[in-house]
Amino acid sequence: MKSGIFITFEGVDGCGKTTQISLLDEYLCGKNKKVLLTREPGSGMLGSRIRELLLNFEGSISPNCESFLFLADRAQHVDCMIKPALAEGKIVLCDRFIDSTLAYQGYGRGLDINQVKYLNDLAISGLKPDLTIVFDVEARESLSRLHRSKDRMEAEDIEFFERVREGYLEIAKQEPERVRVIDASGSVEAIYKKVVKLVESF
Ligand code: TYD
């Protein structure tokens with residue numbers, strides 16, 4: 001039975017969500033909250049093997065196969081890590097979740113949106129986030145912040161990431177209660193203030 005709070009962080013690669021999720025983790029731990037900070041893809045031993053395939057496999061992966069790999073990772077993550085942490089009353093902060101699959105495989109790759117939603121539902125068996133924060137920034141700016149070498153997903157062209165960004169905005173329009181958009185073009189400090197305000201009010 002769920003008694004904790006489940007918050008997910010979303011956005012195009014380079015949007016700054018990983019920095020913000022660590023800052024929020026520090027903030028909540030500083031308030032003596034019990035927090036699980038986790039991410040997709042690739043939490044746990046099985047997850048890290050799936051992550052390796054998804055991000056570094058050198059051959060081609062079909063969009064359907066890609067989706068099922070992200071979803072397999074999610075099913076294991078939900079059942080073995082997220083649900084138990086929520087049952088213990090923890091605040092779970094997850095870097096990417098269902099909306100990544102909708103935005104990247106649905107809007108980005110062009111898979112049928114309703115089908116992706118259906119498959120997501122199977123993978124999460126009823127566990128929706130209580131709050132999702134989308135860090136919104138122009139795709140070009142977001143990608144220019146990536147300074148390490150690019151993985152398989154990041155090697156996609158700019159049009160792909162523009163579709164992903166539009167996808168996130170569309171998801172937020174469809175589920176305004178759960179999905180909140182934060183303008184992520186400002187300084188780390190300014191964005192952090194917005195995140196804390198949003199989470200506190202929530
Ligand atoms: P990662 O290095 O974790 O990127 P980031 O720090 O931006 O989260 O790589 C995850 C990549 O996988 C990222 O490009 C988004 C993509 N992804 C999907 O395409 N679908 C999904 O369902 C998930 C969870 C991630």
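Quick notes on this structure:
- Residues within the reach of a label modelled at Phe68 (point 7 angstrom out along Cα to beta-carbon, backbone nitrogen below 17 Å), restricted to segment 121-151, are 121-124.
- The chain, accessible surface, carbon-and-sulfur percent (1.4 angstrom probe): 53
- In segment 107-202, Cα pairs under 8 Å separated by at least six residues give a relative contact order of 40 percent.
- Think of the chain as a dipole: +1 on every Lys or Arg Cβ, -1 on every Asp or Glu Cβ, centred on the Cα centre; then among Thr18, Asn64, Leu28, Leu28 lies furthest on the positive end.
- Distance between segment 19-44 and segment 165-202 - C-alpha centres, whole angstrom: 17
- Segment 1-74, relative contact order in percent, only Cα pairs under 8 angstrom and at least six apart counted: 21
- Cα-Cα over 22 Å, subset of Lys128/Lys150; Lys17/Lys90; Lys31/Lys193; Lys34/Lys197; Lys83/Lys197; Lys117/Lys150: Lys128/Lys150; Lys83/Lys197; Lys117/Lys150
- Comparing Ile191, Ile133, Ile21 in a Gaussian network model of the chain where C-alpha atoms under 10 Å apart are linked, the largest mean-square fluctuation is found at Ile191.
- Separation of the Leu122 and Gln174 label points, Cα + 7 Å toward Cβ, nm: 1.8
- Computing FRET efficiency as 1/(1 + (r/R0)^6) for Glu166 and Lys31, where r is the C-beta to C-beta distance and R0 is 41 Å, gives about 0.70.
- Taking 0.36 nm per residue of separation and subtracting the Cα-Cα distance, full extension of the segment from Ile61 to Val188 would add 42.2 nm.
- Choice from Ser48, Ser149, Ser22 with maximal GNM fluctuation in the chain (Cα, 10 Å cutoff): Ser149
- A dipole drawn for the chain from +1 and -1 charges on Cβ atoms has a positive end, and of Ala184, Thr101, Ala87 the residue lying farthest that way is Ala87.
- What segment 5-201 shows is 48 Å² of accessible area per residue, with the surface traced by a 1.4 Å probe over protein heavy atoms.
- Extension gain, Arg49 to Glu138: 0.36 nm times the residue separation minus the Cα-Cα distance gives 28.9 nm.
- Over the chain, relative contact order from alpha-carbon pairs under 8 Å, at least 6 apart, %: 34
- FRET efficiency, Asp112 to Glu88 (Cβ-Cβ, R0 35 Å, nearest 0.05): 0.45
- Scaled against the 2.2 N^0.38 Å expected of a compact globular protein of N residues, the Cα radius of gyration of the chain reads 0.97.
- Sorted largest first by accessible area at a 1.4 angstrom probe radius, with every protein chain in place, the residues Val188, Val199 fall in the order Val188, Val199.
The values are calculated or read from the model by the stated rules, or taken from the named source; none is laboratory data. Just so it is clear, the model here is predicted, and its values are computed rather than measured. In this analysis, Cβ positions are derived from the backbone assuming ideal geometry, glycine residues included, and neighbour counts consider all displayed protein chains. We work out accessible area using only protein heavy atoms, side chains counted, and drop any ligands, DNA or RNA first. Shrake-Rupley method; radii C 1.70, N 1.55, O 1.52, S 1.80 Å.
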